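Quick one: the structure is below, questions incoming.
The values are calculated or read from the model by the stated rules, or taken from the named source; none is laboratory data. Nothing here was measured: the structure is a model prediction, and the numbers come from that model. Here the Cβ positions follow ideal geometry from the backbone for every residue, glycine too, while neighbour counts run over all protein chains shown.
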Amino acid sequence: MRNFCYTQFQKIFIFLIIYILFIPTLSFGNYPYNPYVPIDIWNEVEPYFLPINHPIKKKLDRIFQKKRVTLTEQTFVEAGFKITRLNRPFNAVVTGHKDLKGYLVKVYLDSQFSIPEWQMWLRRIKGIETIQHCLDKHQFTEFILPKKWIYPLPVEPSPPLNEAYSRKNFILVVEDMQILDHKKNAKAYKEMLTPNLLNDLYTILNECGLTDCIWIGNMPFTKGQKITFIDTELFHNGIPEFETLKKYFSDPMKDHLDKLINEKAFHN
């Protein structure tokens, strides 16, 4: 009996040692698990992680494993990212990096307020999936969507443990869609929008409930002359306010939009 108890104790002791030593390095989908993230949240976002074999994965690792790049605006800029305007406290930073050509990152800094950033990134990805389903369903070809992934930040280095910082554990990586600048985009909506293209756009906005896309900056034209959707957090969110959107259109397209709205109201 004594030997049996001793053996059981040994097994428990060995298990605890292994658990303590190796649990920080357990991997899910080839990314080391971050113990600062509840396991249920990790499991929810893991399917949307940047693929481990993606061309920029190692570049991101090199950038973010050296220092706590996301600590402040200063550390972010020192790591090679650009901040082209003063960041408002409630806005994520959207920017590029010289080593990440063709891609942008969307980041909440540790110095910003506490926010479940994983939810924001997940909603944006699911918004893209919703729009893509609509495009496939109707076989629309005049639109192009960016791919988006979640990149889990390394566990270390960590931000300081004080009230000035709120640890963020994930950033969003998105394809750079080469969108037109504000002035050129406004001109494109005046000159390139056709009745057929507006028909398709109206269908997408209604079916997907894209209430944030009443501003053309959220669905700009690309240099390839297609419309893309870059702010996809709000979807299935009700009927868009088309009167706001209409101000960006030429007079003939304003009239055509009114016709579409009236036809929908009649059929409802």
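Mind counting the residues in the stretch 228-268 that are under 22 Å from Leu145 (Cα atoms) and among the hydroxyl-bearing types (Ser, Thr, Tyr)?
3
Continuing with this model, one more query. So Pro146 fits all but one of (1) in a loop (DSSP other than H, G, I, E, B); (2) more than 14 Å from the chain's Cα centre (by Cα); what number is the exception?
Condition (2) is where Pro146 drops out.
Of everything in the stretch 127-143 that's assigned to a helix (DSSP H, G or I) and of a type in the set (D, E, K, R), which residue is surrounded by the most Cβ atoms within 10 Å (Cβ to Cβ)? So that I can check it myself, show each step before the final result.
Step one: of the stretch 127-143, the residues assigned to a helix (DSSP H, G or I) are 127-138.
Next, from what is left, pick out any that are of a type in the set (D, E, K, R): 129, 136-137.
On the way: Glu129: 14, Asp136: 9, Lys137: 10.
My answer is Glu129.
Any residue at all in the stretch 82-91 that is touching a helix residue (DSSP H, G or I) at 6+ places or on another chain (Cβ under 7 Å), modelled with pLDDT of 95 or more and either among the charged types (D, E, K, R) or not in a strand (DSSP E or B) (or both)?
So in the stretch 82-91, the residues touching a helix residue (DSSP H, G or I) at 6+ places or on another chain (Cβ under 7 Å) come out as 83, 87.
Okay, now just the ones that are also modelled with pLDDT of 95 or more, so none.
Checked the stretch 82-91: no residue is touching a helix residue (DSSP H, G or I) at 6+ places or on another chain (Cβ under 7 Å), modelled with pLDDT of 95 or more and either among the charged types (D, E, K, R) or not in a strand (DSSP E or B) (or both).
Starting from the stretch 100-112, keep only residues that are surrounded by 19 or more Cβ atoms within 10 Å (Cβ to Cβ) and part of a loop (DSSP other than H, G, I, E, B), then list their pairs with residues that are modelled with pLDDT under 95 and among the charged types (D, E, K, R) whose Cβ atoms are within a distance under 9 Å, requiring at least 6 positions of separation or different chains.
Pairs found: Leu109/Glu73; Ser111/Glu73.
What tally of residues in the stretch 206-233 results from selecting those that are touching a Pro at 6+ places or on another chain (Cβ under 9 Å), part of a helix (DSSP H, G or I) and touching a residue at least 40 places away in the same chain (Cβ under 8 Å)?
Residues that pass the stated criteria total 1.
Moving to a separate point now. Can you say whether Leu234 is in contact with a Phe, Trp or Tyr (Cβ under 9 Å, 6 or more places away or on another chain) and crowded, with 16+ Cβ neighbours inside 10 Å, as far as the supplied structure shows? Can you show your working first?
On the way: in contact with a Phe, Trp or Tyr (Cβ under 9 Å, 6 or more places away or on another chain): no; crowded, with 16+ Cβ neighbours inside 10 Å: yes.
Considered against the rule, which asks whether it is in contact with a Phe, Trp or Tyr (Cβ under 9 Å, 6 or more places away or on another chain) and crowded, with 16+ Cβ neighbours inside 10 Å, Leu234 comes out as no.
Please go through the stretch 130-147 and pick out each residue that is closer than 30 Å to Val69 by Cα and without any contact (Cβ under 8 Å) to a residue 40 or more places away in the chain. Can you show your working first?
Of all residues in the stretch 130-147, those closer than 30 Å to Val69 by Cα come to 145-147.
Residue satisfying the conditions is Lys147 alone.
Only residues that are in contact with a Lys or Arg (Cβ under 6 Å, 6 or more places away or on another chain) and part of a loop (DSSP other than H, G, I, E, B): list them for the stretch 149-197, please.
Pro157, Pro159, Gln178
Quick check: anything in the stretch 60-74 assigned to a helix (DSSP H, G or I), among the polar types (S, T, N, Q) and more than 18 Å from Glu175 (Cβ to Cβ)? If you could, list the steps in order and put the result at the bottom.
At the first step, the residues of the stretch 60-74 found to be assigned to a helix (DSSP H, G or I) are 60-64, 73-74.
Narrowing further to those that are among the polar types (S, T, N, Q): 74.
From the residues that got through so far, the ones that are more than 18 Å from Glu175 (Cβ to Cβ) too are 74.
Looking for residues that are assigned to a helix (DSSP H, G or I), among the polar types (S, T, N, Q) and more than 18 Å from Glu175 (Cβ to Cβ), one finds at least one in the stretch 60-74, hence yes.
Output the residues belonging to the stretch 171-208 that are over 30 Å from Gln112 (Cβ atoms), of a type in the set (S, T, N, Q) and either over 23 Å from the mean Cα position of the chain (by Cα) or surrounded by fewer than 16 Cβ atoms within 10 Å (Cβ to Cβ) (or both).
Thr194, Asn196, Asn199, Thr203
Condition check ((1) within 19 Å of the chain's Cα centre (by Cα); (2) closer than 26 Å to Pro160 by Cα) across all residues:
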position	(1), (2)
Ile56	yes, no
Asp61	yes, yes
Phe64	yes, yes
Val69	yes, yes
Glu73	no, yes
Phe81	yes, yes
Ala92	yes, yes
Gly102	yes, no
